[in-house]
1. Could you tell me whether Ser30 is open to solvent by 50 Å² or more (accessible area, probe 1.4 Å), under 23 Å from Gln1 (Cα atoms) and in contact (Cβ under 8 Å) with a residue 24 or more places away in the chain?
2. Quick check on my filter: what residues within the stretch 1-21 are in a strand (DSSP E or B) and at negative phi?
3. Do you know which of the residues in the stretch 90-111 that are without any contact (Cβ under 8 Å) to a residue 24 or more places away in the chain and assigned to a helix (DSSP H, G or I) is most open to solvent (accessible area, probe 1.4 Å)?
4. Considering each of Arg67, Arg72 in turn, give the residue that is under 22 Å from Val108 (Cβ atoms), at pLDDT 90 or above, surrounded by 12 or more Cβ atoms within 10 Å (Cβ to Cβ) and in contact with a Phe, Trp or Tyr (Cβ under 8 Å, 6 or more places away or on another chain).
5. For Ser85, state whether it is open to solvent by 10 Å² or more (accessible area, probe 1.4 Å) and free of Cβ contacts under 8 Å to residues at least 60 places away in the same chain.
6. If only one of Ala24, Ala49 is open to solvent by less than 70 Å² (accessible area, probe 1.4 Å), within 21 Å of Ser85 (Cβ to Cβ), assigned to a strand (DSSP E or B) and small (Gly, Ala, Ser), which one is it?
7. Within the stretch 52-64, how many residues turn out to be surrounded by 11 or more Cβ atoms within 10 Å (Cβ to Cβ) and either under 10 Å from the mean Cα position of the chain (by Cα) or farther than 15 Å from Tyr32 by Cα (or both)?
8. As an exercise: evaluate Gly26 against (1) modelled with pLDDT of 95 or more; (2) out of contact with any helix residue (DSSP H, G or I) (no Cβ under 7 Å at 6 or more places or on another chain) and give the number of the one condition it does not meet.
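The values are calculated or read from the model by the stated rules, or taken from the named source; none is laboratory data. None of the values given here were measured: they were computed from a predicted structure. With ideal geometry, Cβ positions are generated from the backbone for all residues, glycine too; neighbour counts draw on all protein chains shown. Side chains included, ligands, DNA and RNA excluded: accessible areas come from the protein's heavy atoms. Shrake-Rupley method; radii C 1.70, N 1.55, O 1.52, S 1.80 Å.
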Amino acid sequence: QVELVESGGGLVQAGGSLRLSCAASGRTLSTYAMGWFRQAPGKEREFVARIRWSGSNTYYASSLKGRFTISRDYAKNTVNLQMNSLKPEDTAVYYCAATTRVVVTTTVQDYIYWGQGTQVTVSS
């Protein structure tokens, strides 16, 4: 069992930055890969970024690479998403999720644990 709690969302002007955190708890975190997804109103949930809990391999949605950075903090048991140069189209609810898949997957259905989400709103 893995529990995920996101924080750090809010309202920011276009061009600004936000740092999201996902607090993870569970006895076997090292066996999971962690992902960030987002869902805008009226749209499907989409993949943002992924990182193995153990190891440093990261993977990003191609459209976001360079602006978003995923990382994890072992001391705090968090997975973080640094978002820079934010645009109004980045407005969405952002979710943290965990998968047991070893290979990189961007498919929502492959992620078995989800947080409740945190709202990010970027004003123009």
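1. yes
2. Glu3, Leu4, Val5, Glu6, Ser7, Leu11, Val12, Gln13, Leu18, Arg19, Leu20, Ser21
3. Gln109
4. Arg72
5. Judged against the criteria, Ser85 is not a match.
6. Ala49
7. 4
8. (1)
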